[in-house]
Amino acid sequence: MHAIGVMTFNVRQYRGRDGRIDPERILRVIEQGAPDVVALQDAEAPDGSDHLSYLENGLKMSVFGRKAGGGNAFLSRFPLRGVGAFSLGGEGICLKADLDLQGKRIHLFNVRLQPSPLRQYQQLKSLFGADLVGNPYLPCPKLILGDFGAFCPWLWCYPFLAPGRLHRPWGRPTYPAFLPLVSRDRVYHLEDIEITQATVLWNPLARSASSHLPLQVTVRIRDSLDYLHAERIREEMGTAAGCFRKKTAFRSHEGCG
């Protein structure tokens, strides 16, 4: 299995507990976790400064979703494809991207729900609708992570997330950072990937950098013994006497493993 670290972090426009905007603190917190992929929420600076480029250069990672709007973005050490922002209604936003790693694909959904409980149910319906998580043309394993709002009850999430699994350390809420009481920041996974560890970065720097603490998980991508890349299959079929090529037969499986 190949493991990667994935973090979700609402940076609250880089404003710390002291009210000061300081992207350097955010950078140092992310460095502590050393993730491979970071899902950022509220990543647009209030004064229009390009703090994402500061994080990109300082962490030696690439930014995805900068121009998508809505305040969500990805930092990644791997290329991401199919990046696009979707409104969930109100202030809800989802930034979707595809991560291709060792021939396997994971669909990433970076979400920020509106804190109001009156809007969250409708936003969850949009998130799990036919354009996003429920899209039949997105057949690969899915990782849904981000800020689910302060009052998002499990009763509302259950109809949508019953097939998936929630990953967060018990007894380690993420909000507010200086005295965490609520698990606003969450990671769910659907289908054939494995999450082996979930950690909340809880230290003086993290508690001062934002009103949210970052949540990080270790994702393991399962290896299928019978998996072959479509190109390799085509090559083998081409060398066998009497074989014919059926390119479309493998197209739907390429990338998912």
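Can you confirm whether L99 is in contact (Cβ under 8 Å) with a residue 40 or more places away in the chain, in a loop (DSSP other than H, G, I, E, B) and not charged (D, E, K, R)? Judged against the criteria, L99 is not a match. When R105, R66 are screened for being under 16 Å from the mean Cα position of the chain (by Cα), in contact (Cβ under 8 Å) with a residue 12 or more places away in the chain and part of a loop (DSSP other than H, G, I, E, B), only R66 passes. Residues of the stretch 108-132 that are hydrophobic (A, V, I, L, M, F, W, C) and either in contact with a strand residue (DSSP E or B) (Cβ under 9 Å, 6 or more places away or on another chain) or in a loop (DSSP other than H, G, I, E, B) (or both): L108, F109, V111, L113, L124, L127, F128, A130, L132.
If you go through the stretch 89-105 one residue at a time, do you hit one that is at pLDDT 95 or above, closer than 16 Å to F148 by Cα and acidic (D, E)? Within the stretch 89-105 (the criterion being at pLDDT 95 or above, closer than 16 Å to F148 by Cα and acidic (D, E)), the answer is no, since none of the residues qualifies.
The values are calculated or read from the model by the stated rules, or taken from the named source; none is laboratory data. Please read all numbers here as calculations on a predicted model, not as lab measurements. Quick reminder, even Gly has a Cβ in these numbers, built from the backbone with ideal geometry, and neighbours come from all protein chains shown.
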